[in-house]
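Undergrad: Right, I'll just put the structure down here and ask away after.
Read-outs throughout are calculated quantities, based only on the coordinates presented, and are distinct from any laboratory measurement. The structure presented is a predicted model; accordingly, all values stated were derived computationally and were not measured. Virtual Cβ from ideal backbone geometry, glycine too; neighbours counted across all protein chains shown.
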Amino acid sequence: MKVEEKRKTGMYESVMHQFNNAAEVMGLNPEIKKILAATNNEIVVHFPVKMDDGKIQVFTGYRVQHNNALGPYKGGLRYHATVDIDAAKALAMWMTWKTSLAGLPYGGGKGGIQLDPSKYSTAEIERITRRFTHALGDNIGPDYDIPAPDVNTTAQMMAWISDTYMSTKNPLERSRFAHVVTGKPVGSGGLEGRDRATGFGVVVSIQAWADWKKTTLKDKKYIVQGFGNVGHWASLFMKEKGSILTAVQDASGTIYNPNGIDPQELLEYTQTTKGNVAGFPKAEAIDPSLFFGLDCDILIPAALGNQITDENADSIKAAVIAEGANGPISPEGESILSKKGIEIIPDILCNSGGVIGSYYEWLQNKQGEIWSIEDVIGRLEKQVLTSFKKVVDAASEYKTDFRTAAYIVAIKRIELTYNQRGVFP
């Protein structure tokens, strides 16, 4: 338990370290720095739910709203044992930078419930989700704060949230509130391609990096931590590029095959094992502590925060790390990677495909339109590439790394908004 506490505290420390570093490099107005260093709202709700056995269990839910200078708060809800107020604060701040960098009319928010969903039935998860939605009340809304899926949450859960929220509104107006969440099933107002948007954006970022380095992704070896939505879609798109997946790690174990693992076969296997990669017959199980030190060209951490630290960063052999997860590298780990010359495509750029896809779904719902998957993927790729170029240009201008450059691009947009609009007296 003490290890978990350290990890959770580290996420908030990481985002503040990154923010303070960028603020110093860019010479951020100290008054605006004060505003952006603080969260606007931190909401904690406790709510009772009746379990299948008839007993009552009280859950704690969180929603942190960091900043809405550019538009409504936007960010996911995760169901995980590590969710607490500090984790939500860190993730909400990252969302502010991510939406700003992507050029979206959104601010940043994040939240969730501290629980392990695997310990509950589908019926219990539905009741927990609906009660959480009711407890949040008008702290969320389609033009105020728009949740989305995150770790251990699904399109089905978003449909339950949408239905519960709409049921509290006047029957004549309910349809106006369908976009209170994004990441819904397609049949419930969801977006074609939203499921693969984050993983696709990760690979677009990696391809952009490869083009910038004047190299190819063909035959490049890559390893992936986490084989959930982001990890498996990124792997499938990397396969299309001709890259070779050699190792995958998740909570169930670490599998390795130097000759390559077919991500489609692995995905089909995990669909029979509740998502676990352990036991995949076409790869060998290895000690999890060896994962980050495996020979590879590209490392894609797509699990939880602070996985790469001063304890394992020195073993990494990849040329580039593409952050599919939020905050997977601690500041101490990043310092080691920098000295080793390992480049990092930062999370607020690399995994922004998800929130860009969410924005398209939100627009689709607001405008009563239906977009094709070809439209979605084409628009998403263009938007990620635009952000990548801005980061490259800022890195050159400020003579800094990609993460700091990405923060500078994001913060500058918000700083301009405050300079033009002022602060309400």
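Undergrad: If you plug each phi of the stretch 241-254 into the Karplus form 6.51 cos²θ - 1.76 cosθ + 1.60 with θ = phi - 60°, what whole-Hz ³J(HN,Hα) values come out, in order, with x for Gly and Pro?
TA: 7, x, 7, 10, 7, 10, 7, 9, 10, 9, 4, 7, x, 10
Undergrad: Please tell me the relative contact order of the stretch 1-132 in percent, rounded to the nearest whole number, where contacts are Cα pairs under 8 Å and at least six residues apart.
TA: 27
Undergrad: Can I ask one more? Once the Cα gyration tensor of the stretch 40-185 is diagonalised, what are the square roots of 5 times its eigenvalues, in whole Å and ordered largest first, as equivalent ellipsoid semi-axes?
TA: After scaling each eigenvalue by five and taking roots: 24, 18, 12 Å.
Undergrad: For residue 184, give me every one of the lysines with a C-alpha distance below 20 angstrom, ignoring sequence neighbours fewer than eight places off in its own chain.
TA: 74, 110, 169, 366
Undergrad: Could you list, in their original order, any pairs among 239/274; 34/390; 33/221; 89/241 whose Cα atoms are separated by more than 29 Å? Mind dumping the intermediate values first?
TA: Values: 239/274 23 Å; 34/390 25 Å; 33/221 41 Å; 89/241 36 Å.
In this structure, 33/221; 89/241 exceed 29 Å between Cα atoms.
Undergrad: If you don't mind, there's one more thing I want to ask. What does the helix-only formula give at 222 nm for the chain: each DSSP H stretch with n ≥ 4 adding -39500 (n - 2.57), the total divided by the residues, and the result rounded to the nearest 500 deg cm²/dmol?
TA: Working: 13 runs with 189 residues, N = 425.
Rounded to the nearest 500, it is -14500 deg cm²/dmol.
Undergrad: Restricting to DSSP loop positions (anything but H, G, I, E, B) with no more than 12 other Cβ atoms inside 10 Å of their own Cβ, which GluC sites (Glu not before Pro) remain in the stretch 156-260?
TA: Listed in order of number, the matching sites are 173.
Undergrad: Considering only DSSP beta bridges whose two residues both sit in the stretch 197-350, what percent are antiparallel, to the nearest 5?
TA: On the way: 7 of 22 bridges.
Given both bridge residues lie in the stretch 197-350, the antiparallel proportion sits at roughly 30 percent.
Undergrad: How much of the DSSP bridge set in the chain is antiparallel, in percent, rounded to the nearest 5?
TA: Values: 24 of 47 bridges.
Bridges in the chain are about 50 percent antiparallel.
Undergrad: Which loop-located trypsin sites (Lys or Arg not before Pro) does the stretch 352-425 contain, where loop means any DSSP state but H, G, I, E or B and the Cβ has at most 10 other Cβ atoms within 10 Å?
TA: Of the trypsin sites (Lys or Arg not before Pro), the ones in loops of the stretch 352-425 whose Cβ has at most 10 other Cβ atoms within 10 Å are 399.
Undergrad: Considering every pair of different Cα atoms, what Kirkwood radius, in Å, is found for the stretch 197-350?
TA: When all Cα pairs of the stretch 197-350 are included, the Kirkwood radius is 15.1 Å.
Undergrad: Further question: Counting other Cβ atoms within 10 Å of each Cβ, which trypsin sites (Lys or Arg not before Pro) in the stretch 219-298 have at most 11 and sit in a DSSP loop?
TA: 274
Undergrad: Counting alpha carbon pairs within less than 8 Å and at least 6 residues apart, what relative contact order, in whole percent, applies to the chain?
TA: Rounded, it is 16 percent for the chain.
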